[in-house]
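Okay, so here's the structure we're looking at.
The values are calculated or read from the model by the stated rules, or taken from the named source; none is laboratory data. Since we're looking at a predicted model, the values are computed, not measured. Using ideal geometry, Cβ is built from the backbone for each residue, glycine included, and neighbour counts are taken over all protein chains shown. Ligands, DNA and RNA are excluded from the accessible area calculation, which covers all protein heavy atoms including side chains. Shrake-Rupley method; radii C 1.70, N 1.55, O 1.52, S 1.80 Å.
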Amino acid sequence: MSFDGAHILEEARAQIGVCAQKESLDALRIKYLGRKGVVQDLMGRIPTLSAEERRSFGAGVNELKKNLEALFTEKETGLAAAAAGAAKDFVDITLPGKTPLSGRLHLLSQVEGEICGAFSRLGFRVFKGPEAETEFHNFEALNIPLDHPSRDAFDTFYLRPFDVSRSGFSGREKKLLRSHTSPAQIRALKTCPPPMAVVVPGRVYRPDAVDASHSFMFHQVEGIAVDKGIRFSDLKGVLIAFAKEMFGAETRMRFRPSFFPFTEPSAEVDISCFACKGQGCSVCKKSGWLEILGCGMVHPHVFKSAGLDEKKWRGFAFGMGVERVAMLKYGVNDIRLFFENDIRFLEQF
Ligand code: 2U9
């Protein structure tokens, strides 16, 4: 008796070859190597054979069994590796995607926009001037005399002549980093014929030691309105409308007499504390009031410097620090936080 081991092996190889899953491979293993399988069936025939047939028949069945086992082991390893690879590359398309980080305006840009927006709704245009300025625009035209303390080099960053020659200005004048945005308003007065009303936002520079409330660079928004017969009451009306929009409709305002070289009369302006409605709390240091800006009627000398007839025109002007407004409105207690670029601070606003 004999059997075609090579044929059985080839048939098994073909069937194993098309197996894509462990389950179908196991079924084939049972078919060939199981207790009632092909190999066992052949083994079962051995006792019926003559003594001399047994040896070659038995050797053939053993050979077949060994080859079949090798085929199954090889295929099993292959399937396991494929399954591991598939698990690694598996993409669950039902998972929610990663939300991309979206940018936003810096808090100071937002507050600058809020301030300018409030004034533009009151009829002011936004005007911008250079940060590298002439002594004339930063001081002289603003009625700040030569011996005024703020002209001291310690209060102003002066630019070296080298920088001046590249700055685009014509003159022989000393150049500096503007210490307020007021020089841009001189430029506005010279370029926009009255009646006019502008707000000027931008960076200003002062060589102050940096601490929780001082920075060598900060932002201001200043404004000026010029017409025939403008009065202090116009200034009050504009500033009260601004304060209500910025800090809430119930905001009250008070004006304290003050002095600025470029305005006469001048005042410092407080708003009622929005945190305690004027009752007194830690925000307003128990006073019920928060100092928010300075203002006044444009000094006749300033009109003259800008080439306007000081007898014909009247105007009011005001100025505020953007950092101060932002710190009050958004509860920021250290000015340095604005400039450290720490995303944990910036993304709160
Ligand atoms: C021109 C005429 C008048 C602008 C003014 C103030 C008062 C003022 C400060 C508040 C805090 C600046 O940021 S701060 O340090 N500003 O108090 N500014 S009147 O007056 C002008 C400006 C330009 C031609």
Next on the checklist: Testing residue 264 on (1) more than 9 Å from the ligand (Cβ to nearest atom); (2) touching a Ser or Thr at 6+ places or on another chain (Cβ under 9 Å); (3) charged (D, E, K, R), one condition comes back false. Which one is that?
Outcome noted: (2)
Checklist outcome for this item: So, first residue assigned by TED's automatic domain parsing to the domain that holds residue 71 and surrounded by 12 or more Cβ atoms within 10 Å (Cβ to Cβ) in segment 1-23, second residue in a helix (DSSP H, G or I) and among the hydroxyl-bearing types (Ser, Thr, Tyr), Cβ within less than 7 Å, six or more apart or across chains; the pairs are 12/32
Checklist entry - If we scan segment 38-45, do we find a residue that is small (Gly, Ala, Ser), modelled with pLDDT of 90 or more and either open to solvent by 60 Å² or more (accessible area, probe 1.4 Å) or in contact with a helix residue (DSSP H, G or I) (Cβ under 8 Å, 6 or more places away or on another chain) (or both)? => result no
Checklist entry - Counting just the residues of segment 174-203 that are without any contact (Cβ under 8 Å) to a residue 60 or more places away in the chain and under 27 Å from residue 327 (Cβ atoms), which one comes out most open to solvent (accessible area, probe 1.4 Å)? => result 177
Checklist entry - When you go through (1) at pLDDT 90 or above; (2) in the same structural domain as residue 235 (by TED's automatic domain parsing); (3) hydrophobic (A, V, I, L, M, F, W, C) one by one for residue 64, which number turns out not to apply? => result (2)
Next on the checklist: Suppose the filter is in contact with a Ser or Thr (Cβ under 6 Å, 6 or more places away or on another chain), within 16 Å of the ligand (Cβ to nearest atom) and under 23 Å from residue 203 (Cα atoms); does residue 296 pass it?
Outcome noted: yes
Checklist entry - Out of curiosity, is residue 62 closer than 26 Å to residue 22 by Cβ and part of a helix (DSSP H, G or I)? => result no
Checklist entry - Taking residue 27, is it open to solvent by 50 Å² or more (accessible area, probe 1.4 Å) and either more than 18 Å from residue 73 (Cβ to Cβ) or not assigned by TED's automatic domain parsing to the domain that holds residue 64 (or both)? => result no
Checklist entry - Restricting attention to segment 8-19, which residues are farther than 20 Å from residue 60 by Cα, of a type in the set (A, V, I, L, M, F, W, C) and touching a helix residue (DSSP H, G or I) at 6+ places or on another chain (Cβ under 8 Å)? => result 16, 19
Checklist entry - Where in segment 163-241 are the strands (runs of 3 or more DSSP E), entirely inside, with at least 2 residues that are more than 11 Å from the ligand (Cβ to nearest atom) and at pLDDT 95 or above? => result 196-205, 217-227
Checklist outcome for this item: Residue pairs within 8 Å by beta carbon, gap of at least six or interchain, first lying in segment 285-306 and assigned by TED's automatic domain parsing to the domain that holds residue 222, second at pLDDT below 95 and acidic (Asp, Glu), listed first then second, are 305/140
Item to check | Matching helices (runs of 4 or more DSSP H) fully within segment 273-349 where at least 3 residues are open to solvent by 70 Å² or more (accessible area, probe 1.4 Å) and at pLDDT 95 or above | outcome: none
Checklist entry - Are there any pairs, at least 6 apart or on different chains, whose C-beta atoms fall under 9 Å, with the first in segment 44-69 and in contact (Cβ under 8 Å) with a residue 12 or more places away in the chain and over 21 Å from residue 13 (Cβ atoms) and the second in a helix (DSSP H, G or I) and open to solvent by 50 Å² or more (accessible area, probe 1.4 Å), and if so, which? => result 46/53; 46/54; 57/45; 58/43
Checklist entry - Just a yes or no: is a residue in segment 99-106 touching a helix residue (DSSP H, G or I) at 6+ places or on another chain (Cβ under 8 Å) and in a helix (DSSP H, G or I)? => result no
Item to check | Residue in segment 271-290 that is within 13 Å of the ligand (Cβ to nearest atom) and among the charged types (D, E, K, R) present | outcome: no
Next on the checklist: Quick check on my filter: what residues within segment 206-227 are under 27 Å from residue 315 (Cα atoms) and either of a type in the set (Gly, Ala, Ser) or surrounded by 19 or more Cβ atoms within 10 Å (Cβ to Cβ) (or both)?
Outcome noted: 218, 219, 220, 221, 222, 223, 224, 225, 226
Item to check | Criterion (within 29 Å of residue 151 (Cα to Cα) and away from the ligand (no atom under 14 Å from the Cβ)) met by exactly one of 256, 336, 252, 314 | outcome: 336
Checklist outcome for this item: Only unsatisfied item for residue 268, checking (1) touching a residue at least 40 places away in the same chain (Cβ under 8 Å); (2) touching a Lys or Arg at 6+ places or on another chain (Cβ under 6 Å); (3) assigned to a strand (DSSP E or B), is (1)
